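To start, the structure itself, in C-alpha coordinates.
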Amino acid sequence: MKIALIVIIVLVIAAYVASYMMRKRHYQIISDLERQKTQLLNMPVVDDLHEADDLKLTGETETTFKKWKKQWEQIERVSFPSIENELFDAKQAIDQLKLKKANTAEDKARQKMRETKTALTEIQQALKGLLKIEGNNQSRLNQIKSQYQKIRKNLLTQSFSFGPALDALENELTALETEVASFSEITSQGDHMEAKKVLENVETKTQDLREKVAVIPDILKELTEEYPAQLEEIKTGYQKLRDQHYHFPDDRILEDTEKINEQRKQAIQEASKLDITTAQEQLPVLEKEIDRLYSTMEGEIDAYQYVKKNYQTLAEYIEYLTNQNEKLLIEIDRVSQSYQLNHDELEQTKTLKDQLEKIEQRFVYYDDHIQEQTAVYSEIETGFKEDAKKLAAIEEKQKNITAALKELRQEELKIKEQIDQFELNMRGMKRYIEKQHLPGLPPEYVDLFFSVSDRIETLSKEVGRLKINIDEIKKMAELCEEDIDLLMDKTDEMVDSALLTEYMVQYANRYRQTNPQVASAVQKGMDAFYKEYQYREALEIISTALENAEPGAFKKVESEYYEDKQGGNA
(Lines give C-alpha, C1' and ligand atoms only; values in the text may rest on other atoms or scores of the structure.)
Protein backbone atom coordinates (compact mmCIF):
# COMPACT_ATOMS: atom_id res chain seq x y z
CA MET A 1 0.00 0.00 0.00
CA LYS A 2 2.82 2.37 0.89
CA ILE A 3 4.70 1.59 -2.35
CA ALA A 4 1.59 2.22 -4.44
CA LEU A 5 1.15 5.60 -2.80
CA ILE A 6 4.73 6.52 -3.60
CA VAL A 7 4.25 5.53 -7.27
CA ILE A 8 1.10 7.68 -7.52
CA ILE A 9 2.90 10.65 -6.01
CA VAL A 10 5.80 10.24 -8.47
CA LEU A 11 3.42 10.03 -11.42
CA VAL A 12 1.57 13.13 -10.31
CA ILE A 13 4.81 15.06 -9.96
CA ALA A 14 5.98 13.85 -13.42
CA ALA A 15 2.69 14.86 -14.99
CA TYR A 16 2.91 18.29 -13.41
CA VAL A 17 6.50 18.80 -14.59
CA ALA A 18 5.61 17.67 -18.13
CA SER A 19 2.61 19.96 -18.19
CA TYR A 20 4.69 22.85 -17.00
CA MET A 21 7.41 22.27 -19.65
CA MET A 22 4.88 22.04 -22.48
CA ARG A 23 3.03 25.20 -21.39
CA LYS A 24 6.34 27.01 -21.11
CA ARG A 25 7.29 26.00 -24.69
CA HIS A 26 3.94 27.22 -26.06
CA TYR A 27 4.20 30.50 -24.12
CA GLN A 28 7.60 30.98 -25.77
CA ILE A 29 6.02 30.42 -29.20
CA ILE A 30 3.27 32.93 -28.36
CA SER A 31 5.94 35.40 -27.29
CA ASP A 32 7.79 35.01 -30.61
CA LEU A 33 4.58 35.49 -32.56
CA GLU A 34 3.74 38.61 -30.55
CA ARG A 35 7.17 40.00 -31.37
CA GLN A 36 6.67 39.31 -35.10
CA LYS A 37 3.24 41.01 -34.93
CA THR A 38 4.85 44.07 -33.35
CA GLN A 39 7.43 44.18 -36.16
CA LEU A 40 4.63 44.17 -38.70
CA LEU A 41 2.85 46.99 -36.87
CA ASN A 42 6.08 48.98 -36.84
CA MET A 43 6.65 48.81 -40.63
CA PRO A 44 6.68 52.47 -41.92
CA VAL A 45 3.71 51.97 -44.20
CA VAL A 46 1.63 54.64 -42.47
CA ASP A 47 4.45 57.20 -42.80
CA ASP A 48 4.73 56.44 -46.52
CA LEU A 49 0.97 56.83 -46.93
CA HIS A 50 1.00 60.22 -45.21
CA GLU A 51 3.99 61.36 -47.30
CA ALA A 52 2.31 60.32 -50.55
CA ASP A 53 -0.98 61.88 -49.48
CA ASP A 54 0.80 65.19 -48.92
CA LEU A 55 1.86 65.27 -52.60
CA LYS A 56 -1.68 66.17 -53.68
CA LEU A 57 -1.72 63.45 -56.31
CA THR A 58 -4.07 63.43 -59.29
CA GLY A 59 -5.01 61.29 -62.27
CA GLU A 60 -3.51 57.82 -62.67
CA THR A 61 -1.08 58.41 -59.80
CA GLU A 62 -3.93 59.23 -57.42
CA THR A 63 -5.85 56.12 -58.53
CA THR A 64 -2.83 53.92 -57.88
CA PHE A 65 -2.23 55.53 -54.46
CA LYS A 66 -5.85 54.96 -53.39
CA LYS A 67 -5.58 51.29 -54.41
CA TRP A 68 -2.62 50.72 -52.09
CA LYS A 69 -4.17 52.83 -49.28
CA LYS A 70 -7.32 50.71 -49.45
CA GLN A 71 -5.23 47.53 -49.16
CA TRP A 72 -3.53 48.98 -46.04
CA GLU A 73 -6.85 49.84 -44.47
CA GLN A 74 -8.01 46.26 -45.14
CA ILE A 75 -4.94 44.90 -43.33
CA GLU A 76 -5.39 47.35 -40.46
CA ARG A 77 -9.10 46.60 -40.07
CA VAL A 78 -9.14 42.84 -40.71
CA SER A 79 -5.72 41.18 -40.80
CA PHE A 80 -4.24 42.54 -37.57
CA PRO A 81 -7.40 41.88 -35.45
CA SER A 82 -7.59 38.36 -36.92
CA ILE A 83 -3.99 37.69 -35.89
CA GLU A 84 -4.73 39.05 -32.40
CA ASN A 85 -7.73 36.71 -32.07
CA GLU A 86 -5.68 33.68 -33.04
CA LEU A 87 -3.00 34.55 -30.48
CA PHE A 88 -5.68 35.06 -27.77
CA ASP A 89 -7.22 31.64 -28.60
CA ALA A 90 -3.79 30.04 -28.40
CA LYS A 91 -3.12 31.53 -24.91
CA GLN A 92 -6.52 30.42 -23.61
CA ALA A 93 -5.98 26.88 -24.96
CA ILE A 94 -2.57 26.69 -23.24
CA ASP A 95 -4.05 27.73 -19.91
CA GLN A 96 -6.63 24.97 -20.30
CA LEU A 97 -3.93 22.49 -21.37
CA LYS A 98 -5.67 22.09 -24.74
CA LEU A 99 -2.34 21.86 -26.46
CA LYS A 100 -3.60 20.51 -29.80
CA LYS A 101 -5.99 23.46 -30.07
CA ALA A 102 -3.12 25.77 -29.12
CA ASN A 103 -0.99 24.31 -31.95
CA THR A 104 -3.78 24.95 -34.45
CA ALA A 105 -4.23 28.56 -33.34
CA GLU A 106 -0.47 29.16 -33.45
CA ASP A 107 -0.25 27.79 -37.02
CA LYS A 108 -3.13 30.01 -38.15
CA ALA A 109 -1.56 33.09 -36.57
CA ARG A 110 1.80 32.25 -38.18
CA GLN A 111 0.22 31.78 -41.66
CA LYS A 112 -1.80 35.06 -41.41
CA MET A 113 1.34 36.97 -40.38
CA ARG A 114 3.21 35.60 -43.40
CA GLU A 115 0.41 36.71 -45.68
CA THR A 116 0.19 40.10 -43.99
CA LYS A 117 3.94 40.64 -44.22
CA THR A 118 3.90 39.86 -47.95
CA ALA A 119 1.03 42.29 -48.52
CA LEU A 120 2.67 45.04 -46.40
CA THR A 121 5.98 44.62 -48.26
CA GLU A 122 4.21 44.94 -51.60
CA ILE A 123 2.33 48.09 -50.40
CA GLN A 124 5.52 49.62 -49.04
CA GLN A 125 7.49 49.01 -52.25
CA ALA A 126 4.66 50.41 -54.36
CA LEU A 127 4.43 53.55 -52.18
CA LYS A 128 8.18 54.08 -52.30
CA GLY A 129 7.96 53.75 -56.08
CA LEU A 130 5.29 56.44 -56.17
CA LEU A 131 7.36 58.68 -53.91
CA LYS A 132 10.43 58.22 -56.15
CA ILE A 133 8.64 58.90 -59.46
CA GLU A 134 8.73 62.66 -59.07
CA GLY A 135 12.47 62.71 -58.28
CA ASN A 136 13.29 60.26 -61.03
CA ASN A 137 11.20 62.22 -63.50
CA GLN A 138 13.03 65.40 -62.61
CA SER A 139 16.44 63.76 -62.95
CA ARG A 140 15.54 62.32 -66.36
CA LEU A 141 14.09 65.65 -67.44
CA ASN A 142 17.39 67.36 -66.59
CA GLN A 143 19.23 64.86 -68.80
CA ILE A 144 16.78 65.46 -71.62
CA LYS A 145 17.19 69.22 -71.31
CA SER A 146 20.98 68.80 -71.48
CA GLN A 147 20.66 66.75 -74.68
CA TYR A 148 18.14 69.21 -76.03
CA GLN A 149 20.55 72.11 -75.50
CA LYS A 150 23.34 70.21 -77.27
CA ILE A 151 21.07 69.53 -80.23
CA ARG A 152 19.98 73.17 -80.33
CA LYS A 153 23.61 74.34 -80.23
CA ASN A 154 24.58 71.90 -82.96
CA LEU A 155 21.78 73.09 -85.23
CA LEU A 156 22.76 76.74 -84.67
CA THR A 157 26.53 76.43 -85.03
CA GLN A 158 26.55 73.92 -87.92
CA SER A 159 23.33 74.80 -89.68
CA PHE A 160 25.04 74.72 -93.10
CA SER A 161 25.84 70.99 -92.69
CA PHE A 162 22.15 70.11 -92.32
CA GLY A 163 21.16 71.81 -95.57
CA PRO A 164 17.54 71.28 -96.59
CA ALA A 165 16.91 69.06 -93.50
CA LEU A 166 17.43 71.99 -91.08
CA ASP A 167 13.79 73.16 -91.04
CA ALA A 168 12.46 69.66 -90.33
CA LEU A 169 15.00 69.18 -87.54
CA GLU A 170 14.05 72.50 -85.93
CA ASN A 171 10.36 71.57 -86.16
CA GLU A 172 11.02 68.33 -84.30
CA LEU A 173 13.03 70.26 -81.71
CA THR A 174 10.10 72.66 -81.23
CA ALA A 175 7.74 69.71 -80.85
CA LEU A 176 9.98 68.39 -78.07
CA GLU A 177 9.71 71.74 -76.28
CA THR A 178 5.93 71.42 -76.38
CA GLU A 179 6.00 67.92 -74.91
CA VAL A 180 8.41 69.01 -72.15
CA ALA A 181 5.96 71.80 -71.26
CA SER A 182 3.16 69.21 -71.17
CA PHE A 183 5.24 67.10 -68.80
CA SER A 184 5.78 70.05 -66.46
CA GLU A 185 2.05 70.83 -66.42
CA ILE A 186 1.06 67.22 -65.64
CA THR A 187 3.73 67.05 -62.95
CA SER A 188 2.44 70.25 -61.32
CA GLN A 189 -1.01 68.68 -61.22
CA GLY A 190 0.38 65.72 -59.26
CA ASP A 191 -0.13 62.94 -61.87
CA HIS A 192 3.47 61.74 -61.77
CA MET A 193 2.75 58.39 -63.43
CA GLU A 194 1.20 60.06 -66.45
CA ALA A 195 4.12 62.51 -66.46
CA LYS A 196 6.48 59.51 -66.51
CA LYS A 197 4.81 58.18 -69.68
CA VAL A 198 5.11 61.60 -71.34
CA LEU A 199 8.74 61.74 -70.30
CA GLU A 200 9.48 58.29 -71.76
CA ASN A 201 7.99 59.41 -75.06
CA VAL A 202 10.12 62.60 -74.95
CA GLU A 203 13.24 60.52 -74.25
CA THR A 204 12.56 58.29 -77.25
CA LYS A 205 12.01 61.24 -79.57
CA THR A 206 15.08 63.03 -78.21
CA GLN A 207 17.25 59.98 -78.85
CA ASP A 208 15.79 59.66 -82.36
CA LEU A 209 16.52 63.33 -83.02
CA ARG A 210 20.10 62.95 -81.72
CA GLU A 211 20.68 60.07 -84.15
CA LYS A 212 19.30 62.09 -87.05
CA VAL A 213 21.47 65.08 -86.19
CA ALA A 214 24.47 62.75 -86.02
CA VAL A 215 24.03 61.06 -89.42
CA ILE A 216 22.34 63.65 -91.63
CA PRO A 217 25.47 65.80 -92.25
CA ASP A 218 27.40 62.75 -93.56
CA ILE A 219 24.48 61.62 -95.70
CA LEU A 220 24.01 65.07 -97.21
CA LYS A 221 27.76 65.47 -97.75
CA GLU A 222 27.78 62.36 -99.93
CA LEU A 223 24.59 63.35 -101.74
CA THR A 224 25.41 67.04 -102.29
CA GLU A 225 29.20 67.07 -102.60
CA GLU A 226 30.85 63.69 -103.28
CA TYR A 227 28.35 62.14 -105.70
CA PRO A 228 27.85 65.32 -107.80
CA ALA A 229 31.64 65.67 -108.12
CA GLN A 230 31.96 62.03 -109.19
CA LEU A 231 29.13 62.31 -111.69
CA GLU A 232 30.70 65.44 -113.17
CA GLU A 233 34.05 63.66 -113.37
CA ILE A 234 32.38 60.77 -115.20
CA LYS A 235 30.76 63.11 -117.75
CA THR A 236 34.03 64.99 -118.30
CA GLY A 237 36.04 61.78 -118.58
CA TYR A 238 33.51 60.28 -120.93
CA GLN A 239 33.71 63.25 -123.26
CA LYS A 240 37.52 63.13 -123.29
CA LEU A 241 37.46 59.45 -124.16
CA ARG A 242 34.94 60.05 -126.94
CA ASP A 243 37.19 62.80 -128.28
CA GLN A 244 39.99 60.19 -128.35
CA HIS A 245 37.71 57.90 -130.39
CA TYR A 246 36.83 55.51 -127.58
CA HIS A 247 33.55 53.66 -127.96
CA PHE A 248 31.51 51.72 -125.42
CA PRO A 249 29.27 48.66 -125.74
CA ASP A 250 25.60 49.61 -125.53
CA ASP A 251 26.69 53.17 -124.73
CA ARG A 252 24.28 54.63 -122.14
CA ILE A 253 26.82 56.34 -119.91
CA LEU A 254 25.34 59.85 -120.19
CA GLU A 255 21.79 58.55 -119.80
CA ASP A 256 22.81 56.50 -116.75
CA THR A 257 24.59 59.53 -115.30
CA GLU A 258 21.38 61.56 -115.49
CA LYS A 259 19.38 58.69 -114.03
CA ILE A 260 21.77 58.43 -111.09
CA ASN A 261 21.56 62.19 -110.59
CA GLU A 262 17.76 62.00 -110.36
CA GLN A 263 18.05 59.20 -107.80
CA ARG A 264 20.50 61.38 -105.86
CA LYS A 265 18.02 64.27 -105.79
CA GLN A 266 15.29 61.93 -104.58
CA ALA A 267 17.53 60.74 -101.76
CA ILE A 268 18.15 64.37 -100.76
CA GLN A 269 14.38 64.89 -100.53
CA GLU A 270 14.06 61.82 -98.31
CA ALA A 271 16.83 63.15 -96.05
CA SER A 272 15.14 66.58 -95.99
CA LYS A 273 11.96 64.88 -94.75
CA LEU A 274 14.13 63.10 -92.13
CA ASP A 275 13.39 59.69 -93.72
CA ILE A 276 16.91 58.62 -92.82
CA THR A 277 16.37 54.91 -93.44
CA THR A 278 15.29 55.39 -97.06
CA ALA A 279 18.07 57.92 -97.69
CA GLN A 280 20.71 55.59 -96.23
CA GLU A 281 19.43 52.66 -98.30
CA GLN A 282 19.95 54.74 -101.46
CA LEU A 283 23.63 55.46 -100.73
CA PRO A 284 25.05 51.99 -101.56
CA VAL A 285 22.76 51.81 -104.61
CA LEU A 286 24.07 55.13 -105.96
CA GLU A 287 27.66 54.22 -105.12
CA LYS A 288 27.36 50.88 -106.93
CA GLU A 289 25.98 52.57 -110.05
CA ILE A 290 28.69 55.24 -110.03
CA ASP A 291 31.38 52.56 -109.59
CA ARG A 292 29.89 50.68 -112.53
CA LEU A 293 30.26 53.70 -114.80
CA TYR A 294 33.84 54.23 -113.66
CA SER A 295 34.56 50.55 -114.28
CA THR A 296 33.05 50.73 -117.76
CA MET A 297 35.33 53.60 -118.79
CA GLU A 298 38.40 52.19 -117.04
CA GLY A 299 37.69 48.82 -118.62
CA GLU A 300 37.70 50.37 -122.08
CA ILE A 301 41.04 52.08 -121.38
CA ASP A 302 42.54 48.82 -120.10
CA ALA A 303 41.14 46.98 -123.11
CA TYR A 304 42.81 49.49 -125.45
CA GLN A 305 46.16 48.83 -123.77
CA TYR A 306 45.64 45.07 -124.05
CA VAL A 307 44.75 45.25 -127.74
CA LYS A 308 47.66 47.55 -128.45
CA LYS A 309 50.07 45.19 -126.67
CA ASN A 310 48.79 41.93 -128.22
CA TYR A 311 47.79 43.10 -131.70
CA GLN A 312 51.07 42.28 -133.46
CA THR A 313 51.60 39.07 -131.49
CA LEU A 314 48.20 37.71 -132.48
CA ALA A 315 48.68 38.70 -136.11
CA GLU A 316 52.03 36.88 -136.25
CA TYR A 317 50.56 33.86 -134.46
CA ILE A 318 47.79 33.58 -137.07
CA GLU A 319 50.28 33.88 -139.91
CA TYR A 320 52.65 31.33 -138.34
CA LEU A 321 49.96 28.69 -137.80
CA THR A 322 48.52 29.28 -141.28
CA ASN A 323 51.97 28.61 -142.78
CA GLN A 324 52.38 25.56 -140.54
CA ASN A 325 49.06 24.23 -141.70
CA GLU A 326 50.06 24.57 -145.36
CA LYS A 327 53.31 22.71 -144.65
CA LEU A 328 51.35 20.04 -142.82
CA LEU A 329 49.06 19.54 -145.80
CA ILE A 330 52.11 19.11 -148.05
CA GLU A 331 53.63 16.63 -145.59
CA ILE A 332 50.39 14.67 -145.45
CA ASP A 333 50.35 14.44 -149.24
CA ARG A 334 53.96 13.20 -149.26
CA VAL A 335 53.47 10.65 -146.49
CA SER A 336 50.24 9.36 -148.02
CA GLN A 337 52.28 8.19 -151.03
CA SER A 338 53.91 5.54 -148.81
CA TYR A 339 51.42 4.98 -146.01
CA GLN A 340 47.71 4.61 -145.62
CA LEU A 341 46.45 7.34 -143.28
CA ASN A 342 43.79 5.83 -141.04
CA HIS A 343 43.10 8.63 -138.54
CA ASP A 344 41.57 11.35 -140.71
CA GLU A 345 44.80 13.34 -140.72
CA LEU A 346 43.89 15.12 -143.95
CA GLU A 347 40.33 15.96 -142.83
CA GLN A 348 41.57 17.20 -139.46
CA THR A 349 44.11 19.46 -141.08
CA LYS A 350 41.53 20.87 -143.49
CA THR A 351 39.26 21.59 -140.50
CA LEU A 352 42.15 23.43 -138.85
CA LYS A 353 42.57 25.43 -142.02
CA ASP A 354 38.89 26.45 -141.93
CA GLN A 355 39.24 27.48 -138.29
CA LEU A 356 42.31 29.56 -139.06
CA GLU A 357 40.51 31.30 -141.92
CA LYS A 358 37.61 32.25 -139.61
CA ILE A 359 40.01 33.58 -136.97
CA GLU A 360 41.84 35.59 -139.63
CA GLN A 361 38.53 37.01 -140.90
CA ARG A 362 37.65 38.13 -137.37
CA PHE A 363 41.06 39.71 -136.98
CA VAL A 364 40.60 41.64 -140.23
CA TYR A 365 37.15 42.75 -139.00
CA TYR A 366 38.67 44.02 -135.74
CA ASP A 367 41.50 45.70 -137.63
CA ASP A 368 39.05 47.54 -139.90
CA HIS A 369 37.28 49.02 -136.88
CA ILE A 370 40.59 50.00 -135.32
CA GLN A 371 41.69 51.76 -138.49
CA GLU A 372 38.29 53.46 -138.82
CA GLN A 373 38.44 54.54 -135.14
CA THR A 374 35.12 52.86 -134.40
CA ALA A 375 36.52 50.01 -132.31
CA VAL A 376 34.97 48.94 -129.01
CA TYR A 377 38.20 47.73 -127.43
CA SER A 378 36.57 45.69 -124.66
CA GLU A 379 34.83 43.57 -127.31
CA ILE A 380 38.05 43.23 -129.30
CA GLU A 381 39.90 42.22 -126.11
CA THR A 382 37.35 39.48 -125.51
CA GLY A 383 37.69 38.33 -129.12
CA PHE A 384 41.51 38.38 -128.95
CA LYS A 385 41.52 36.23 -125.80
CA GLU A 386 39.07 33.71 -127.26
CA ASP A 387 41.02 33.47 -130.52
CA ALA A 388 44.33 33.08 -128.65
CA LYS A 389 42.89 30.02 -126.89
CA LYS A 390 41.63 28.62 -130.20
CA LEU A 391 45.03 29.18 -131.84
CA ALA A 392 46.78 27.39 -128.99
CA ALA A 393 44.44 24.42 -129.47
CA ILE A 394 45.09 24.46 -133.24
CA GLU A 395 48.83 24.48 -132.69
CA GLU A 396 48.56 21.51 -130.33
CA LYS A 397 46.57 19.54 -132.91
CA GLN A 398 49.09 20.39 -135.64
CA LYS A 399 51.92 19.09 -133.44
CA ASN A 400 50.02 15.88 -132.72
CA ILE A 401 49.36 15.23 -136.41
CA THR A 402 52.99 16.00 -137.33
CA ALA A 403 54.23 13.64 -134.61
CA ALA A 404 51.87 10.91 -135.85
CA LEU A 405 53.20 11.26 -139.43
CA LYS A 406 56.81 10.98 -138.27
CA GLU A 407 55.91 7.96 -136.18
CA LEU A 408 54.73 6.06 -139.29
CA ARG A 409 58.29 5.74 -140.61
CA GLN A 410 59.58 4.80 -137.17
CA GLU A 411 56.91 2.14 -136.83
CA GLU A 412 57.84 0.74 -140.27
CA LEU A 413 61.52 0.44 -139.32
CA LYS A 414 60.58 -1.15 -136.01
CA ILE A 415 58.45 -3.77 -137.75
CA LYS A 416 61.24 -4.56 -140.23
CA GLU A 417 63.59 -5.15 -137.30
CA GLN A 418 60.95 -7.44 -135.78
CA ILE A 419 60.71 -9.41 -139.02
CA ASP A 420 64.48 -9.91 -139.05
CA GLN A 421 64.28 -11.16 -135.46
CA PHE A 422 61.35 -13.46 -136.30
CA GLU A 423 63.30 -15.07 -139.17
CA LEU A 424 66.36 -15.42 -136.96
CA ASN A 425 64.26 -17.17 -134.31
CA MET A 426 62.81 -19.55 -136.89
CA ARG A 427 66.26 -20.51 -138.18
CA GLY A 428 67.47 -20.95 -134.62
CA MET A 429 64.64 -23.32 -133.77
CA LYS A 430 65.24 -25.32 -136.94
CA ARG A 431 68.96 -25.77 -136.13
CA TYR A 432 68.11 -26.67 -132.52
CA ILE A 433 65.73 -29.42 -133.65
CA GLU A 434 68.20 -30.80 -136.21
CA LYS A 435 70.86 -30.94 -133.51
CA GLN A 436 68.69 -33.31 -131.44
CA HIS A 437 68.68 -35.97 -134.21
CA LEU A 438 65.07 -36.82 -133.57
CA PRO A 439 63.61 -39.63 -135.67
CA GLY A 440 60.91 -37.30 -136.95
CA LEU A 441 58.53 -34.45 -136.09
CA PRO A 442 54.88 -34.68 -135.00
CA PRO A 443 52.48 -33.59 -137.78
CA GLU A 444 50.82 -30.92 -135.59
CA TYR A 445 54.25 -29.40 -134.84
CA VAL A 446 55.15 -29.37 -138.55
CA ASP A 447 51.81 -27.65 -139.33
CA LEU A 448 52.42 -25.02 -136.67
CA PHE A 449 55.99 -24.42 -137.85
CA PHE A 450 54.99 -23.82 -141.45
CA SER A 451 51.95 -21.74 -140.42
CA VAL A 452 54.24 -19.38 -138.47
CA SER A 453 56.68 -19.26 -141.39
CA ASP A 454 53.85 -18.38 -143.78
CA ARG A 455 52.58 -15.59 -141.47
CA ILE A 456 56.07 -14.09 -141.25
CA GLU A 457 56.41 -14.26 -145.00
CA THR A 458 53.00 -12.56 -145.42
CA LEU A 459 54.05 -9.81 -143.00
CA SER A 460 57.29 -9.30 -144.93
CA LYS A 461 55.35 -8.94 -148.19
CA GLU A 462 52.96 -6.41 -146.64
CA VAL A 463 55.86 -4.30 -145.40
CA GLY A 464 57.40 -4.44 -148.85
CA ARG A 465 54.34 -2.96 -150.56
CA LEU A 466 54.53 0.46 -152.21
CA LYS A 467 51.89 1.84 -149.80
CA ILE A 468 51.60 0.18 -146.46
CA ASN A 469 48.96 0.16 -143.74
CA ILE A 470 50.90 0.59 -140.51
CA ASP A 471 47.92 -0.25 -138.31
CA GLU A 472 47.35 -3.56 -140.08
CA ILE A 473 51.00 -4.66 -140.17
CA LYS A 474 51.38 -3.77 -136.47
CA LYS A 475 48.54 -6.16 -135.71
CA MET A 476 50.18 -8.82 -137.96
CA ALA A 477 53.52 -8.30 -136.20
CA GLU A 478 51.84 -8.80 -132.82
CA LEU A 479 50.28 -12.05 -134.05
CA CYS A 480 53.63 -13.25 -135.43
CA GLU A 481 55.28 -12.52 -132.10
CA GLU A 482 52.60 -14.50 -130.27
CA ASP A 483 52.97 -17.42 -132.76
CA ILE A 484 56.77 -17.53 -132.37
CA ASP A 485 56.44 -17.56 -128.57
CA LEU A 486 54.00 -20.45 -128.88
CA LEU A 487 56.26 -22.30 -131.35
CA MET A 488 59.28 -21.88 -129.07
CA ASP A 489 57.29 -23.31 -126.17
CA LYS A 490 56.14 -26.25 -128.32
CA THR A 491 59.73 -26.85 -129.52
CA ASP A 492 61.08 -26.95 -125.98
CA GLU A 493 58.21 -29.21 -124.89
CA MET A 494 58.82 -31.61 -127.82
CA VAL A 495 62.59 -31.85 -127.32
CA ASP A 496 62.27 -32.22 -123.53
CA SER A 497 59.68 -34.97 -123.97
CA ALA A 498 61.91 -36.84 -126.47
CA LEU A 499 65.10 -36.66 -124.40
CA LEU A 500 63.31 -37.37 -121.12
CA THR A 501 61.77 -40.45 -122.79
CA GLU A 502 65.27 -41.73 -123.54
CA TYR A 503 66.26 -41.20 -119.91
CA MET A 504 63.16 -43.11 -118.81
CA VAL A 505 63.96 -46.02 -121.15
CA GLN A 506 67.47 -46.29 -119.75
CA TYR A 507 66.13 -46.30 -116.18
CA ALA A 508 63.37 -48.77 -117.07
CA ASN A 509 65.81 -51.32 -118.53
CA ARG A 510 66.51 -52.56 -115.00
CA TYR A 511 62.87 -53.77 -114.80
CA ARG A 512 62.40 -55.13 -118.34
CA GLN A 513 63.49 -58.67 -117.39
CA THR A 514 61.57 -58.79 -114.10
CA ASN A 515 58.46 -56.65 -114.75
CA PRO A 516 56.33 -57.54 -117.79
CA GLN A 517 54.24 -54.37 -117.40
CA VAL A 518 57.33 -52.18 -117.65
CA ALA A 519 58.67 -54.20 -120.60
CA SER A 520 55.34 -53.89 -122.41
CA ALA A 521 55.15 -50.17 -121.69
CA VAL A 522 58.66 -49.60 -122.98
CA GLN A 523 57.85 -51.41 -126.19
CA LYS A 524 54.59 -49.50 -126.67
CA GLY A 525 56.34 -46.21 -125.88
CA MET A 526 59.08 -46.92 -128.43
CA ASP A 527 56.46 -47.50 -131.09
CA ALA A 528 54.93 -44.08 -130.35
CA PHE A 529 58.41 -42.58 -130.25
CA TYR A 530 59.90 -43.99 -133.50
CA LYS A 531 56.84 -44.62 -135.63
CA GLU A 532 54.44 -41.82 -134.78
CA TYR A 533 56.90 -39.25 -133.34
CA GLN A 534 54.54 -38.66 -130.39
CA TYR A 535 57.21 -38.01 -127.81
CA ARG A 536 54.88 -36.70 -125.13
CA GLU A 537 52.66 -39.77 -125.44
CA ALA A 538 55.70 -42.11 -125.29
CA LEU A 539 56.90 -40.36 -122.13
CA GLU A 540 53.52 -40.71 -120.43
CA ILE A 541 53.26 -44.45 -121.27
CA ILE A 542 56.72 -45.35 -119.95
CA SER A 543 56.69 -43.05 -116.92
CA THR A 544 53.27 -44.36 -115.80
CA ALA A 545 54.47 -48.02 -115.86
CA LEU A 546 57.73 -47.11 -114.19
CA GLU A 547 55.94 -45.14 -111.46
CA ASN A 548 53.79 -48.21 -110.72
CA ALA A 549 56.89 -50.37 -110.44
CA GLU A 550 58.85 -47.83 -108.41
CA PRO A 551 56.88 -44.92 -106.89
CA GLY A 552 58.84 -41.68 -107.19
CA ALA A 553 60.93 -42.92 -110.09
CA PHE A 554 59.51 -40.33 -112.52
CA LYS A 555 60.50 -37.38 -110.32
CA LYS A 556 63.89 -38.87 -109.77
CA VAL A 557 64.62 -39.34 -113.51
CA GLU A 558 63.08 -35.95 -114.37
CA SER A 559 65.32 -34.18 -111.85
CA GLU A 560 68.38 -35.95 -113.26
CA TYR A 561 67.46 -34.88 -116.79
CA TYR A 562 67.01 -31.22 -115.96
CA GLU A 563 70.25 -31.19 -113.96
CA ASP A 564 72.08 -32.61 -116.97
CA LYS A 565 70.32 -30.15 -119.27
CA GLN A 566 71.35 -27.22 -117.10
CA GLY A 567 74.90 -28.54 -117.08
CA GLY A 568 74.89 -28.95 -120.87
CA ASN A 569 75.01 -32.76 -120.82
CA ALA A 570 71.46 -33.48 -122.05
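The values are calculated or read from the model by the stated rules, or taken from the named source; none is laboratory data. As the structure is a prediction and not an experimental result, all values here were calculated from the model. Counting neighbours? That spans all protein chains shown, and the Cβs are built from the backbone with ideal geometry, glycine included. Note: areas computed on protein heavy atoms with side chains; ligands, DNA, RNA excluded. Shrake-Rupley method; radii C 1.70, N 1.55, O 1.52, S 1.80 Å.
Okay, here's what the table says:
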read-out	value
Close pairs (6 angstrom Cβ cut-off, 6 or more residues apart or separate chains): of a type in the set (S, T, N, Q) in segment 294-317, open to solvent by less than 50 Å² (accessible area, probe 1.4 Å) and assigned to a helix (DSSP H, G or I) anywhere	Asn310/Phe384
Residue in segment 402-425 that is open to solvent by 40 Å² or more (accessible area, probe 1.4 Å), assigned to a helix (DSSP H, G or I), β-branched (Val, Ile, Thr) and under 27 Å from Lys475 (Cα atoms) present	yes
Residue match in segment 273-280 (condition: within 19 Å of Pro217 (Cβ to Cβ), in a helix (DSSP H, G or I) and among the hydroxyl-bearing types (Ser, Thr, Tyr))	yes
Every pair of residues 6+ apart whose Cβ atoms lie under 9 Å, when the first sits in segment 521-549 and is assigned by the TED database to the domain that holds Met504 while the second is of a type in the set (Gly, Ala, Ser) and open to solvent by 20 Å² or more (accessible area, probe 1.4 Å)	Ala545/Ala519; Ala545/Ser520
Search result, residues across segment 332-347 that are crowded, with 17+ Cβ neighbours inside 10 Å and under 26 Å from Tyr317 (Cα atoms)	Ile332, Glu345
Candidates Asp291, Asp256, filtered to the one that is without any contact (Cβ under 8 Å) to a residue 40 or more places away in the chain, more than 25 Å from His369 (Cα to Cα) and open to solvent by less than 60 Å² (accessible area, probe 1.4 Å)	Asp256
Val307 closer than 23 Å to Ala392 by Cβ, out of contact with any Cys (no Cβ under 6 Å at 6 or more places or on another chain) and not basic (Lys, Arg)	yes
Residues located in segment 426-473, provided they are open to solvent by 70 Å² or more (accessible area, probe 1.4 Å), assigned to a helix (DSSP H, G or I) and of a type in the set (A, V, I, L, M, F, W, C)	Phe450
Exclusive hit being open to solvent by 40 Å² or more (accessible area, probe 1.4 Å) and in contact with a Lys or Arg (Cβ under 7 Å, 6 or more places away or on another chain), set Gln305, Gln355	Gln355
Given (1) in a loop (DSSP other than H, G, I, E, B); (2) over 45 Å from the mean Cα position of the chain (by Cα), number of the condition Ala375 does not satisfy	(2)
Residue in segment 335-352 that is among the small types (Gly, Ala, Ser) and farther than 23 Å from Asp243 by Cα present	yes
Sole exception among (1) surrounded by fewer than 16 Cβ atoms within 10 Å (Cβ to Cβ); (2) more than 30 Å from Glu411 (Cα to Cα); (3) touching a residue at least 12 places away in the same chain (Cβ under 8 Å); (4) not small (Gly, Ala, Ser) for Leu286, by number	(1)
Residues of segment 383-432 that turn out to be among the acidic types (Asp, Glu) and within 45 Å of the chain's Cα centre (by Cα), as a count	4
Test: residue in segment 234-246 that is surrounded by fewer than 19 Cβ atoms within 10 Å (Cβ to Cβ) and within 38 Å of the chain's Cα centre (by Cα)	no
Residue match in segment 476-489 (condition: hydrophobic (A, V, I, L, M, F, W, C), modelled with pLDDT under 85 and closer than 30 Å to His343 by Cα)	no
Sole residue being assigned to a helix (DSSP H, G or I), open to solvent by 40 Å² or more (accessible area, probe 1.4 Å), within 21 Å of Leu441 (Cα to Cα) and modelled with pLDDT of 85 or more, chosen from Tyr533, Tyr562, Tyr503	Tyr503
